[in-house]
1. With a cut-off of at most 16 other beta carbons within 10 Å, and DSSP calling the residue loop, which chymotrypsin sites (Phe, Trp or Tyr not before Pro) in segment 18-69 qualify? Please list them.
2. Which GluC sites (Glu not before Pro) from segment 90-126 combine a DSSP loop assignment with at most 13 other Cβ atoms within 10 Å?
3. Could you compute how fast segment 179-251 diffuses translationally, taking Rh as the Kirkwood radius over C-alpha pairs and applying Stokes-Einstein at 25 °C with viscosity 0.890 mPa s? Give it in µm² per second.
Amino acid sequence: MYTKLEFKINDFQGPLDLLLHLIDKNKYNIFDIPIVEITEQYMEYVNNMQEKNLDIMSEFLVMAGTLLSIKAKMLLPKEEEEEDDEEDPRAELVRRLIEYKMYKYASYELKDMEIGALGAYYKGESIPAEVKNYKEEIDPAEVIGDVTLVKLNQIFQEVMKRNIDRVDPVRSKFGTIEKEEVRIEDKMADIRANIRGLKGINFRTLLEYQCSKMNVIMTFLAILELMKQGHICIRQEEIFGDIIIDSLEMD
């Protein structure tokens, strides 16, 4: 633990704070500070300070020296060739003032957030132990392995695009005679029957054999459900390689 010591001199936390006060009070442009006027006002304030702490006073005196140095440079006559290339003597002071002002107002925002947070209350955890500790008999993450849903979705989108490309632009405008209905339970049973005891079935190829968009969707969902139930497992031999399906059921 430590104690933060903060010094304020007549409501000013330091020489930069005093300068900002004088600039705001006189409505000076911070990018074009009238250095003569601001120096006179600053020196008047420093001369009237009653502070006896030399460490604190030294900060104000250093800034006073800086202002006097800038004032002297600006009062010196300049040669015409130097006017275009020479940097404004006030540039470094302006940079420090803007930086200080930015952090000063950021501290105000943080203070407001701290005050607002004092009125915030959070409800404690109330999940029943049996719900919190529940685990599925089969962990989908273990079944999937390195195969991600992003990869599965990528393959699904590629297959859907191929099916769209196969559509005849003329015949596709014909009316539908009969709506095809596909149940996920039937699709799961069909897949289980066709791949029982088999290994190394290409997931992409399985989707491409489907005859319609609805069948592709149902096949995709059926594969995910069979994987969750532990009837199949999915693997990927290499990064970005094909996804392979293995049946976990024996003939």
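Taken together, the values in this text are just the output of simple stated rules run on the coordinates, not laboratory data. Model, not experiment: these values are computed from the prediction. Glycine gets a Cβ as well: all are built from the backbone with ideal geometry, and neighbour counts include every protein chain shown.
1. Of the chymotrypsin sites (Phe, Trp or Tyr not before Pro), the ones in loops of segment 18-69 whose Cβ has at most 16 other Cβ atoms within 10 Å are Tyr28, Phe31.
2. Filter output for segment 90-126: Glu125.
3. Result for D is 195 µm²/s.
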